[in-house]
Amino acid sequence: LTWSAHGLHYGIPNSILDDIKRGKHVVANVSRELIGKAKRTFNPVQVILVTAPIQILSTRLKSRGRESPPDITGRLTRQAQITANTTIVNDGSIETALNKFIIALTNS
């Protein structure tokens, strides 16, 4: 699976197929637009959506310094409908979000 986003190119290596065949669980961070293809390719797939309120996202993106203000605005206003098995609102500490993520992984 490959995709482009924010002027960069990403991909999931084919080697994960071997891991899946051996019964291993694989975690991948993909574009929301790629979820349908991931489900068709790697069924079963559990979708964990990690999000935050728009003001927090804006502050985090600005602090990274990787995108211009217009790019950040475009990213924040772009909406993609996704159906997630679990949604984590990451509006607190990284430890809290990580614990929620681990719980979501162990419950899937």
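Would you pick out the residues in the range 5-37 that are closer than 18 Å to I88 by Cβ and in contact (Cβ under 8 Å) with a residue 12 or more places away in the chain?
Hits for the range 5-37 are H25, V27, A28, V30, S31, R32, I35.
So which of R60, R22, R66, R75 ends up being among the basic types (K, R) and under 19 Å from L105 (Cβ atoms)?
R22
Please tell me if T83 is over 18 Å from L1 (Cα atoms), at pLDDT 90 or above and either loosely packed, with under 14 Cβ neighbours inside 10 Å or not hydrophobic (A, V, I, L, M, F, W, C) (or both).
Answer is no for this residue.
Pick from the range 37-65 the residues that are of a type in the set (G, A, S) and exposed (fewer than 12 other Cβ atoms within 10 Å of the Cβ): which of them is nearest to W3 (Cα to Cα)?
G65
Before we move on, is I88 farther than 18 Å from L8 by Cβ, open to solvent by less than 60 Å² (accessible area, probe 1.4 Å), in contact with a Lys or Arg (Cβ under 6 Å, 6 or more places away or on another chain) and not in a strand (DSSP E or B)? Steps first, answer last, please.
Numbers: farther than 18 Å from L8 by Cβ: yes; open to solvent by less than 60 Å² (accessible area, probe 1.4 Å): yes; in contact with a Lys or Arg (Cβ under 6 Å, 6 or more places away or on another chain): yes; not in a strand (DSSP E or B): no.
Answer is no for this residue.
Can you report the number of residues in the range 7-18 which are open to solvent by 40 Å² or more (accessible area, probe 1.4 Å) and either outside any loop (DSSP other than H, G, I, E, B) or in contact with a helix residue (DSSP H, G or I) (Cβ under 7 Å, 6 or more places away or on another chain) (or both)?
Total satisfying the criteria: 6.
Out of all the residues in the range 56-64, is one or more out of contact with any helix residue (DSSP H, G or I) (no Cβ under 9 Å at 6 or more places or on another chain), modelled with pLDDT under 90 and of a type outside the set (K, R)?
no
The values are calculated or read from the model by the stated rules, or taken from the named source; none is laboratory data. Quantities reported herein were computed from a predicted structural model and do not represent experimental measurements. No Cβ is skipped: glycine too gets one built from the backbone with ideal geometry, and neighbour counts run over all protein chains shown. All accessible areas refer to the heavy atoms of the entire protein, side chains included, with ligands and DNA or RNA removed. Shrake-Rupley method; radii C 1.70, N 1.55, O 1.52, S 1.80 Å.
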